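Working notes for the structure below.
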Amino acid sequence: MKKLIVILLVFGIIASSGLVFAEENSDPVIWKYKLSSWGTSVTTTGDYSAASSIDGSFYFFDKSGSVLWQHNFGKRITSIVFSEDLANVSSVVGERVYIFSTSGNYLKDFKSVKGGFLTITPDGNYIGGSSSDVYAMVYKDGRPLWDYKTDGKVNYVSLTPDGQTMAVASSDNHVYLLGSGFLMWKYDAKMPVISVAVTPDSSYLVCGTGSFESDEETQKDYRVFLFDGQGKLLWNQKIGYTVSSVSITPDGNYIAVGSWDNKVHIFSKSGEHLKEFKTDGKIWSVSITPDGKNVIAGSTDTYVYFLDVDSMQKPEKSSSFNPIYIAIPILIILAAAIIYTKKFKKK
């Protein structure tokens, strides 16, 4: 009987730890590369990805994480965009756009426009960005097509592939959706908006609040927001730290969030916090594949990560309160105690 009690107690302890380990997924890191990454981008298939470093170096990776080629522009790269046929990749560097083939051959470069946080459409026909801090602008063939004045510094823009619609993150606490220079809608996020992404058909917009000047020693009310194309707020979730980067799948089903809590977060369209991955540094950039299965992220821990979303951990809050972790071990130990008590009474 004593052996049975010991066996039950040991099994209870094993069950307690085993259930936790059963919840743990395999390593989500498909590959990582030592690089202080400022910006990231990934192809629609996930076969190729690219990252830029703070010193202006550009790295082109295959799906296994091998560097196929690299180029040093000497200046910060503000945007990396793949063409729709995946034949070319464009990099916006200062006032110039450089276009390389995906095999690494230089094709051409041209002077774009003077501005900040510039981005380019996949076909290279339109450039969106900021001018004089408070102007969100779209250019075609190097000439201003339209502009819109906000009430604060333009921190980031996201342009639809047709160049007709642009989402704007502004320090005036608002996120804007603009169509051909006209305001479609705006929303007061109560905090500076510093990151934004819009789906290709502008049916969904995601943005994040924060501050690039924040020390992040304590949590603040920094959040991520999801809207439909008409400006209806679908949900918002508190992250607590600067939301430096956001990315959304074309159908809006999955949202990737890069934050200064050192984590990559994955949310569903309904607002469920699905997954997270923790690094040893602040997340500067994230880019999610259209199917939502992979994310590339750049961190200040000097690594760029290519992640399998399914293998990422569930958020700490949802996993730590699973009652089964406690219930089964307690029942096993309780059974052992009952057996021991009955044996003691017989004596």
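The values are calculated or read from the model by the stated rules, or taken from the named source; none is laboratory data. Everything numeric here is computed off the predicted structure, so don't read it as measured data. Cβ atoms come from the backbone with ideal geometry, glycine included; neighbour counts cover every protein chain shown.
Results, tabulated for the structure shown:
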quantity: Test: residue in the range 295-306 that is assigned by TED's automatic domain parsing to the domain that holds residue 179, without any contact (Cβ under 8 Å) to a residue 60 or more places away in the chain and more than 21 Å from residue 33 (Cβ to Cβ); calculated: no
quantity: So residue 150, is it more than 27 Å from residue 55 (Cα to Cα) and in contact with a His (Cβ under 8 Å, 6 or more places away or on another chain); calculated: yes
quantity: Residue under evaluation residue 115, criteria (1) modelled with pLDDT of 90 or more; (2) touching a Gly at 6+ places or on another chain (Cβ under 6 Å), criterion not met; calculated: (1)
quantity: Condition check for residue 183: farther than 22 Å from residue 131 by Cβ and not hydroxyl-bearing (Ser, Thr, Tyr); calculated: no
quantity: Qualifying residue in the range 226-237 (condition: acidic (Asp, Glu) and within 12 Å of the chain's Cα centre (by Cα)); calculated: no
quantity: Test: residue in the range 60-72 that is within 17 Å of residue 104 (Cβ to Cβ), at pLDDT 95 or above and crowded, with 18+ Cβ neighbours inside 10 Å; calculated: yes
quantity: The range 127-164: number of residues that are at pLDDT 90 or above and touching a Pro at 6+ places or on another chain (Cβ under 9 Å); calculated: 6
